[in-house]
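A quick write-up on the structure given underneath.
Nothing in this text is a laboratory measurement; each read-out follows from the coordinates by a stated rule. Just so it is clear, the structure is predicted and the values come from calculations on it, not from any experiment. Quick reminder, even Gly has a Cβ in these numbers, built from the backbone with ideal geometry, and neighbours come from all protein chains shown.
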Amino acid sequence: MTLRRVAAVLIGMVFALALPVAVFAVRVDQTLLSANYYTDQLRDRGVYEFLMVDLLESAAHDALNSPAEALESSEAERFLEESDLTAEQIVDAVHQGISPEQLQALVEPAISEFVGYVTAEQDEARIRFDAGPVARGLLRGGLDLLRQGGFYEWVVDAEILPAVGEYSEDALSADPEFVARIVRQVITPGWLAATVEEIAVPVVDYVFGESEGFAIRVGLSESQAEVVASEIAETLPGEELVGLVRTHVLAPAIADEINSIEDPQLGFSPPADAVAAAILSDSSTGSIERQLDYFAKDLGGYLAGRSDGFSAQFDFASIKDSARPELESLVRGQILAQLESLPQCSGQMDSIDAVAGASPPTLPTCLPPGVVPEELLDQSYAETATAASDQVIDAIPDRIGFSESDLEVATDVLAGTGSFESIDDWRSLVGEGFEYTHLDMRADLESAGDLEEFDEVRSFFADGILISADGSSSEGFAADAAAELEEFRNWVAEYRRGVLVSIAVAAVLLLIAGLLAGNTGPSRLLWASAILLAPSLFWLVIFWPAFEIGLGAAEELAKSEVDVSDAGYFSDTAILASDYSIETAFAIAGDFMNGPQLAFGVFSALAVAGIFGAYDWKQRLRSQVNQDGP
C-alpha cells in the first residue's frame, strides 16, 4: 500500500504541473484565440472613447498651443497660429464624421472577421470598411472648421494673392497690385469656400469607392468674368496704353502702308517713321485717346475670356485730315532737301519747266546759277509737293485694324518671346475655368507610379476583401495574407487539439493518483481531493495576491521608465497616450489572469468539498457497518 501511495504522490506532483498547463491552455483558447475577446476588450477598456475624445482633444490643444516650428506643414502652422480655433471645435468637427460609437461600429466587424479567420474559427473573412459616409462626415466637419477658423480669408491673403502677384509679374509682366486688385474682387473667401465644398465631395466619393468617376470644374461665373473685364478696361487707358498703341500698333501699320507705295512722286517717299510721327502728332492724341475707351473695353473682355478672339479698329479719317498740313510740310521739306543737295550747273542745263512738268515729274540734275531752292520749289514743284502729300495720305487707310496676331507680336515685343502663351493660359483659366476628372487623377497617379496602390485602396473601401482558405481570396493583400496565415491557422487547429489533450491528461493523472492512493471509495476521493487542493491553493496564491502585487509594481515601473522627450510640444498627448496604453495593457493582463485565478479558486473549493464529501462518505459507511454489526 505504501508503494502505491508513493506512486500516487509522484503522479500528484506531475499533476501539479499539468494542472496550470491545462488551465492556461484553456484560457488562451478562450481569450487570445477568440475574436470576441479583442472586441470586448476594446469596448470594455473604453478605447474608442479615449481615442476619439481624450486623446483627440489633447492633441488639438497641443497643436493649437505649439509654436509654428513644431508643425511639419508650414501652411498648417501658419493657419493654426493665426486662427482663433479651439480644441473643442476641432473635436466637434471630427465627430461630425466619426464618433466613438461610429468608430466602434466600423472596427468591430473587421476585427471579428479577421481574428475569426486567423484563429481558424471560420474558413473565410469578409472585411469591408464602409468609410464613405465617414469620409463625407469628416469632410463636412473639416469644411465647417475651415469656415469657423477663417481659413478662406487667410488663404486668400496669405497664399493666393502672393502667388498670383508673383505669377503676374513673372509670366504676364503685369502690375502685381493691379492683378491682386482683380483677384481680391473675384476670388472672395465666400466663393472659394463654396468652390472647395462643391468639388471636395465628388472627389472623396470616388476615392472611397462611392462613385465610378467624377468631373469637376472650377471657373468664374458670368458676373465674376464681368468684374475682370470691367477692371481691366478701367485700368488700361492712360499714357502707357497710348504709347503702346502708338508705338506697337499704329506706327508699324502706317509704316507698312508708306513702304508699299508704288511709283511715288519724284521717285521717293518720305520716311515712314516721319510720316507716322506726323500722323500721330500731339494734335491727334485726343482723337486716339477717345478711341482707346472702346479698345480697352474690347481688350478687357478678351483678356477676361469673354470672347473667342480679339480685333480692334482705329478710325484715321479725321486724323488724316488734321495731319494734312503737317504732311505737306514734311513732303516740301524732303523735296527742298533734295533740291539743296543738287550741284551747281556748269554746262548745259536741264529745262526746269520740262522736268518739273513731265509725267511723272522729276528733279533737275543740277541747279542753275542764281536759282534759290526755296523759290524753285514754290515756282515749279508746289503742285508736285501737294500731289506727293496726297499720295501719302491716300496710302494710309481710313481704318487701321489690330488683330489677335498683332496683339501676340506686341506682347512678345514688350514682355519677351512666349509671353502671349501666358496670357492665353490666363484667358483659359478666367474664361473656361479649370476642369479635372477622375481620368486626370488616374493619369497623375500613374505617372507617379501610385495607380496600382490607389486602385487596391479604392477597391478595398468599395468592395472590401475576401480572405479565404480555399484559394478564392481577393487579389493583392488578401491573397498574400491568406498564404502567410495558413501555417498559423494550422498551428491554431493543432493547439486546440492540444488543449483537449492537456485537459484529458490532467484528469487522467488525478484519477490515477486517487485510485492508487486509496483502497476504498472515500479514501480515493479523499486522496484525489487532496492532490487537487494542494496545487490549486499553491497556484491560486501565486496568481492572485502575489501576481496582483507584482503587477501593480510593474505598472508603476513601466510608467516611470517611459520617455516622451521626443514628443516635443506634443508631450502632454504623448504622456496621456503612454499612461493609458500602460494602464490598458496591465488591465488586460489582469483580466487575462482572472480566468486562472477563478479556475484555481473553483478547483480549491471543489477539492475542499471533495474532502468533506469523502469524510461524510466514510462516516456514513461506518454508521452503516455499525448498524449491520453482530
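The protection proxy used here, the mean number of other Cβ atoms lying within 10 Å of each residue, ranks peptides 370-383, 246-259 as follows, highest first: 246-259, 370-383.
Length gained on full extension, Gln102 to Asp321: 70.4 nm, using 0.36 nm per residue less the C-alpha separation. Sorted fewest first by neighbouring Cβ atoms within 10 angstrom, Met52, Met13 come out as Met13, Met52. Counting beta carbons within 10 Å around each of Tyr615, Tyr37 and listing the fewest first gives the order Tyr615, Tyr37. The ranking of Val207, Val501, Val28, Val275 by Cβ neighbour count inside 10 Å, starting from the fewest, reads Val501, Val28, Val207, Val275. For Leu367, the amide hydrogen comes within under 5 Å of the amide hydrogens of Gln344, Cys345, counting only partners 5 or more places away or on other chains and with H modelled in the peptide plane. With θ taken as phi - 60° and the Karplus curve 6.51 cos²θ - 1.76 cosθ + 1.60 applied, the whole-hertz 3J(HN,Hα) list for the stretch 14-28 is 5, 4, 4, 8, 5, 4, x, 4, 5, 4, 6, 4, 5, 5, 4 Hz, x standing for glycine and proline.
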